[in-house]
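Down below is the structure, laid out as structure tokens.
The values are calculated or read from the model by the stated rules, or taken from the named source; none is laboratory data. The model shown is predicted, which means the values in this text are computed figures rather than measured ones. Here Cβ is always computed from backbone atoms with ideal geometry, including for glycine, and neighbour counts include all displayed protein chains. SASA here: full protein model, heavy atoms, side chains in, ligands and nucleic acids out. Shrake-Rupley method; radii C 1.70, N 1.55, O 1.52, S 1.80 Å.
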Amino acid sequence: MTLPGAHVTPARVSKPAFLPYARQSIEQDDIDAVVAVLRSDWLTSGPSLERFENELARKVGAEHAVAVSNGTAALHAACHAVGVTEGDEVIVPAITFVATANCARYLGAEPVFADVDPNTGLISGESVERRKSARTRAVIPVHLTGSTVDLDAVRDAIGSEVRVIEDAAHALGATAGGDPVGSCRGSSDLAVFSFHPIKHITTAEGGAVSTNDAGRARRVRQFRDHGLSRDPTEWKHESPGPWYYEQHELGHNLRLSDLQAGLGVSQLSKLERFVDRRRHLAALYDSLIAEIAGVSPVTDSNRRSNSAYHLYSILVDFEERGVERRDVVHRMRDDGIGTQVHYLPLPMQPYYRGRGARLEDYPGAARYYARTLSLPMFPVMKDDDVERVVNALSAALDR
Ligand SMILES: *Cc1c(COP(=O)(O)O)cnc(C)c1O
């Protein structure tokens, strides 16, 4: 067999491919799964969706899982399902992706930022307590990088009347207190996942809500489907015939297609392998990074067994090393290595500044943000890639 590209000059062959900070793992059986759905009778709202939801619920150990078009839609639907509405406040971490806060705004509520631990980026019971008010309807803890927030502490801080929605976009496959994240067995009411290509499993775009509460699961399904009720026992009027349905509230079209669900079923079957690989890579990173002055992993080795390592984020004392983060990022990019910063504190975003937020009020978030950097982390990375990344980091800090 002649390899494609065998004719290229040795100089081109020897340059290693660009290593992004994250990427999907798609194998032949994933492709076959999508093609099988394409050949079937159902491209959306069919048996693949039902199967994906059932298998996801089983995997995360919850009674119900409802799949939607993306993780942001899952956050939106989860907030709706717990009754978040105009005038309410929703407590979210000062460091997270914008979607965690925006979902409150979609419903006319206001996100209120809780400061994070400067070393883990996670909210605590104490930081939530400080932001609690009579208007607090929900808290959305984010399991940043794949390490879990102490939800019992959050529950103790806010009491039983406030709903807890886990943003578990980074934590599919993680465990907390022996239970899988998403089981909602402890102190949370619902959990939300994303299946964007950089997350643990992908459906290209996709998301889900898990819960043990049948009523809330039904509200998410109804919200996903224009607010339509398909259950005759709930209808306000007598059905004039089999074509009948009723709209009970304003919903959206947040559906996940069967093509995506078929991919999701295939990807989900590999979750343990993918997460094990991430943990292996993280252990390798930990051991190599220990040699570099001024650098430490965000999630240390004590937490390895329960983190799902969506990200491998480090903390760098850029001041001590006398180097700017942007120069390190540029140098690593020149060496063919992608990095990212997770995340800009939300109080820095012009949109939330315009609503009164100020970074000065969040010293933990400011300190975390000043030092964090995410290195490449995805299952198809080779062990050698980790060494390449750490060498490039070390060189970029030395220059
Ligand atoms: C990815 C992500 C989301 C949003 O998921 P999408 O599927 O991209 O809409 C929300 N919160 C966090 C923390 C995420 O990482």
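Restricting the count to DSSP beta bridges whose residues both fall in the chain, what percent are antiparallel, rounded to a multiple of 5?
Values: 24 of 39 bridges.
Looking only at bridges with both residues in the chain, the antiparallel portion is about 60 percent.
Select from the chain the helices, each a whole stretch of DSSP H, whose alpha-carbon atoms run 24 Å or more along the helix axis and whose Kyte-Doolittle mean is at least -1.0; answer none if there are none.
271-289
Between Ser394 and Arg130, how high is the FRET efficiency from 1/(1 + (r/R0)^6) when r is the Cβ-Cβ distance and R₀ = 51 Å? Nearest 0.05.
Taking R0 as 51 Å, the efficiency between Ser394 and Arg130 is 0.85.
Per residue, what accessible area does the chain have, given a 1.4 Å probe and all protein chains present, in Å²? If you can, show how the numbers build up before the last one.
Details: 18070 Å² over 399 residues.
So the chain comes to 45 Å² accessible per residue, rounded to a whole number.
List the aspartates and glutamates whose Cα lies under 12 Å from the Cα of Lys59, skipping any in the same chain that are fewer than 8 positions away.
Asp179, Glu272
Which shape class, rounded, prolate or oblate, goes with the range 179-224 when its Cα gyration tensor gives a ≥ b ≥ c as root eigenvalues, a/c under 1.5 marks rounded, and past that a/b bigger than b/c marks prolate?
oblate
Strictly over 27 Å apart at the Cα level, which of Lys132/Lys199; Lys132/Lys236; Lys270/Lys382 would you flag in this model? Mind showing how you got there, number by number?
On the way: Lys132/Lys199 31 Å; Lys132/Lys236 38 Å; Lys270/Lys382 18 Å.
Cα-Cα > 27 Å for Lys132/Lys199; Lys132/Lys236; rest within.
What does the convex hull of the Cα atoms of the range 328-399 come to per residue, in Å³, rounded to a whole number?
119 Å³
Determine one quarter of the surface area of the Cα convex hull of the chain, which equals its mean projected area, and express it in nm² to one decimal.
Averaged projected area of the chain's Cα convex hull equals 22.8 nm².
Where Lys and Arg each count +1 and Asp and Glu each count -1, what net charge lies around Asp258 among other residues with Cβ under 12 Å from its Cβ?
With Lys, Arg at +1 and Asp, Glu at -1, the neighbours total 0.
What is the percent carbon and sulfur in the accessible area of the chain, measuring with a 1.4 Å probe over the protein chains and ignoring ligands?
49 percent
In bins 10 Å wide, starting from 0, what share of all Cα pairs of the range 1-147 does each bin hold, as a percent?
Spelled out per bin, shortest first, that is 9, 24, 26, 19, 15, 6, 2, 0.
Where nothing but the Cβ of Lys and Arg (+1) and of Asp and Glu (-1) is charged, how large is the charge dipole of the chain around its Cα centre, in debye to the nearest 20? The partial results should precede the final answer.
Details: 45 positive and 53 negative charges, 124 e Å.
Dipole about the Cα centre, nearest 20: 600 debye.
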